[in-house]
Amino acid sequence: MEMPEPTETEMVALMGALYGAIQPLAKAMCRRMTSEAHDSTPWDDTSVEAPLATLAAWRAASDEIERLAAKSARIAGAKGASYADLGAAWKISRQAARKRWPGAVTVERTLTRPSHFKAFGGEALITWRSEEGSWWWIATAASGRGDEAPEDVTYGSSEEAAAAAGAFLAANATSPQETTESPKLNGVKVSAEAASA
């Protein structure tokens, strides 16, 4: 799939939007750097703090762009885009796209319905969230404790989400009461040494 280049007008509009977007962050960071907490403090372009705060704001924006780009790559991959398509969009090779976003090309139809499994006395459900471009899990452990994938964590494959759910089930396989009670043999409590003999 051939990706068109942005026009000069589109690039000018993008640059203006980016500069406008980071300025509030840069100004807030500059105020914190100079210990001036008042919003009315004028922006001083001549100070050393102003360009340093702007640079830090660009780094924060770059990190967020990377996160959002990875999310877009996963969504595109789930909708059928290939690594060649992702590479064309990012202006890199197919191999570089595979290295940059491993697991992004996941054909959604390979798992059309949620995956359910039982382990360690509990059970988990693994699903694909197309709106987020990532896999997700929810589980109930043998101890009765329930949990789900944290909102700020993304899984690039169903296996990765299943491994996280499995780790939760293993860590919560028994309730604290069960682990502190002495084992029973034919209904009679015995010591741990006697039970292992």
Looking at R31, R74, which is the one that is in a helix (DSSP H, G or I) and at pLDDT below 85? R31
Any idea which residue in the range 77-96 is modelled with the lowest pLDDT, counting only those that are among the polar types (S, T, N, Q) and within 21 Å of P4 (Cβ to Cβ)? S82
Count of residues meeting criterion [buried (at least 18 other Cβ atoms within 10 Å of the Cβ) and over 20 Å from the mean Cα position of the chain (by Cα)] in the range 64-82: 1
On the basis of being within 22 Å of A163 (Cα to Cα) and either surrounded by 13 or more Cβ atoms within 10 Å (Cβ to Cβ) or modelled with pLDDT of 90 or more (or both), does E49 make the cut? no
Looking at the range 77-93, which of the residues that are in a helix (DSSP H, G or I) and of a type outside the set (A, V, I, L, M, F, W, C) is farthest from V105 (Cα to Cα)? G87
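The values are calculated or read from the model by the stated rules, or taken from the named source; none is laboratory data. It should be emphasised that the depicted structure is a prediction, and the values quoted were computed from it without experimental measurement. Because the Cβ atoms are built from the backbone with ideal geometry, glycine has one as well, and the counts that use them run over all protein chains shown.
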